[in-house]
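Below is one structure, written out as structure tokens; the observations come after it.
The values are calculated or read from the model by the stated rules, or taken from the named source; none is laboratory data. All values reported here derive from a predicted model rather than from experimental measurement. All Cβ positions, even for glycine, are placed from backbone atoms using ideal geometry, and neighbour counts span all protein chains on display. Remember, those area values only see protein heavy atoms, side chains included, never the ligands or the DNA or RNA. Shrake-Rupley method; radii C 1.70, N 1.55, O 1.52, S 1.80 Å.
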Amino acid sequence: MKFLEQLKPLGLLLLRCALGAIFMIHGYPKLFGQNTAMHQSYTQHGLPRSFLFVTGVLELFGGGLLVVGLFSRAAALLLTVDLAVVMLKMGVPESYTNPGFQFEVLLAVATFALATTGPGAISIDQPLFGSKK
């Protein structure tokens, strides 16, 4: 398993980049797209209209921070909280096999894992905040 341990920095880099890209793709239209349907969906579930803007900022810029590996733990934790709020307010679907719900759970768990493990050696965080071993 020593071989896999050596690939850990690459694995964390790929995880950060994939998560960051997904969040950026979902955050951009919340800030710059026609969001009439999204606004209605948020307000229908009791979320203020401003929450769509906050979510868009978190997803677009937090995703970008994950990609470059800067303030990764904080960004991942904020994205985890964002997803948790959305999932709790939008409600658990009648079926846990709902692909949309499964995707949100996967993103929440992945961002939480990234927040707890850190960004890895291939990140801007490493030379700035990494341990001096």
If the requirement is being under 30 Å from Phe129 (Cα atoms), touching a helix residue (DSSP H, G or I) at 6+ places or on another chain (Cβ under 8 Å) and in a helix (DSSP H, G or I), which of these qualifies: Leu70, Leu10, Leu15? Leu15
Does Phe101 satisfy the condition of being open to solvent by less than 40 Å² (accessible area, probe 1.4 Å), without any contact (Cβ under 8 Å) to a residue 24 or more places away in the chain and part of a helix (DSSP H, G or I)? yes
Condition met for Gly11 (of a type outside the set (S, T, N, Q), farther than 23 Å from Ala115 by Cβ and exposed (fewer than 15 other Cβ atoms within 10 Å of the Cβ)): no
Across the stretch 36-56, the tally of residues that are open to solvent by 50 Å² or more (accessible area, probe 1.4 Å) and hydrophobic (A, V, I, L, M, F, W, C) stands at 4
Go through Val68, Val54 for me and flag whichever is more than 25 Å from Leu7 (Cα to Cα) and of a type in the set (A, V, I, L, M, F, W, C). Val54
Can you confirm whether Thr43 is of a type in the set (Val, Ile, Thr) and touching a helix residue (DSSP H, G or I) at 6+ places or on another chain (Cβ under 7 Å)? yes
